[in-house]
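K.L.:
Here's a structure for you.
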Ligand SMILES: [Ca+2]
Ligand SMILES: [Ca+2]
């Protein structure tokens, strides 16, 4: 029986998010001037790092300041995700202003309004219906005032189209242990699929190096998987990659109890590990071997998703 249009719509809205569009460029009404060590350019909004930031350079808290995401042609957009505020550290997030009321304008001039939460969490906004547009303008209408600086920051922006994600989206995660939240953020397994290289799962076994630690992803239904796409270790950059432990071998266990051994490269670059296809409702990744970091004896994985 064909799905009714209503059911298709609810399926589309029910899927947690659609595919991330790669913007052609982002411009801003103003940008805070760089100082010696750090810049606040709009290129920081799509560099896959929460810890690099755009700040407006207008007087006061930047009311009326805006960002324009150029999609490089007409696309159908369904929503966006914002890392609102300065995510460099939790302390900096408090110091700088965050967007409260946000106006989103499309290239046909239509507008939608959102009130963002004052929480250091990636915030997903959904447009009322899919919109055909060549740009998405984010305009600051009001702010949550920072406790030290008057400038409003955004650390990362993703704009979503109406296509499903290309990986099998987990319904739930489990992990053998999770490193406690610190000044840099949390180490929850959901960081494995946020698209960012500087957000990660890290294990918390004080005596171990990560061998024997595991992650488990459950899927909403039995699905065939044959690839694991991942960013191993701390993916922020080569220097941070060298500090923490990364994985070099693991065992995948599927819902029928069958297993596959995989070899993982100790590299900061994205890699895709292929294995014989299994139809499964979950995959447990047990780490068998690690490459030790120079500074922290904890295993971290920055991105990890299964593909058909
Ligand atoms: Ca960034
Ligand atoms: Ca991540």
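Only the coordinates and a few stated rules stand behind these numbers; no lab work does. Treat the numbers as computed from the prediction; the structure is a model and nothing was measured. Positions of Cβ are generated from backbone atoms using ideal geometry, with glycine treated the same way; all protein chains shown enter the neighbour counts.
K.L.:
In percent, what relative contact order does the chain have, based on Cα pairs under 8 Å that are 6 or more apart in sequence?
P.N.:
Normalised by residue count, the contact order of the chain is 18 percent.
K.L.:
Counting each DSSP H run of 4 or more residues in the chain as -39500 (n - 2.57), what helix-only mean residue ellipticity at 222 nm follows after dividing by all residues, to the nearest 500 deg cm²/dmol?
P.N.:
For the chain, the value works out to -2000 deg cm²/dmol.
K.L.:
Here's another thing I want to ask about it. Given Cα pairs under 8 Å that are at least 6 residues apart, what percent is the relative contact order of segment 172-307?
P.N.:
35
K.L.:
Highest mean first, what order results for 37-43, 207-213, 77-83 on Cβ atoms within 10 Å?
P.N.:
Per-residue Cβ counts within 10 Å, averaged per peptide and sorted highest first, yield 77-83, 207-213, 37-43.
K.L.:
Assuming a viscosity of 0.692 mPa s and a temperature of 37 °C, what translational diffusion coefficient in µm² per second does Stokes-Einstein assign to segment 45-112, Rh being the Kirkwood radius over Cα pairs?
P.N.:
235
K.L.:
Give the relative contact order (percent, whole number) for segment 18-163; include only Cα pairs under 8 Å separated by 6+ residues.
P.N.:
Worked out over segment 18-163, it gives 36 percent.
K.L.:
Three principal axis extents, largest first, for the C-alpha atoms of the chain, in Å?
P.N.:
58, 58, 28
K.L.:
Ok, one more. May I ask you to order 250-257, 232-239, 270-277 by the average number of other C-beta atoms within 10 Å around their residues, highest value first?
P.N.:
Packing order, densest peptide first, comes out as 232-239, 250-257, 270-277.
K.L.:
I'd like the distance separating the alpha-carbon centroids of segment 71-137 and segment 238-287, in whole Å.
P.N.:
33
K.L.:
So in the chain, what percent of DSSP beta bridges are antiparallel if you round to the nearest 5?
P.N.:
Close to 95 percent.
K.L.:
Would you give the gap between the C-alpha center of segment 143-159 and the C-alpha center of segment 203-236, rounded to a whole Å?
P.N.:
First find each Cα centre; the distance between them is then 32 Å.
K.L.:
Note down, for segment 77-214, the three equivalent ellipsoid semi-axes (square root of 5 times each alpha carbon gyration tensor eigenvalue), biggest first, whole angstrom. Mind dumping the intermediate values first?
P.N.:
Numbers: eigenvalues 196, 96, 18 Å².
Taking √(5λ) for each Cα gyration eigenvalue gives 31, 22, 9 Å.
K.L.:
Take the alpha carbon atoms of segment 182-201, find their center, do the same for segment 293-308, and report the distance between the two centers in whole angstrom.
P.N.:
Rounded to whole Å, the Cα centres lie 10 Å apart.
K.L.:
Against the longest alpha carbon principal axis of the chain, how many degrees, from 0 to 90 and to the nearest 10, is the axis of helix 5-14 turned?
P.N.:
80
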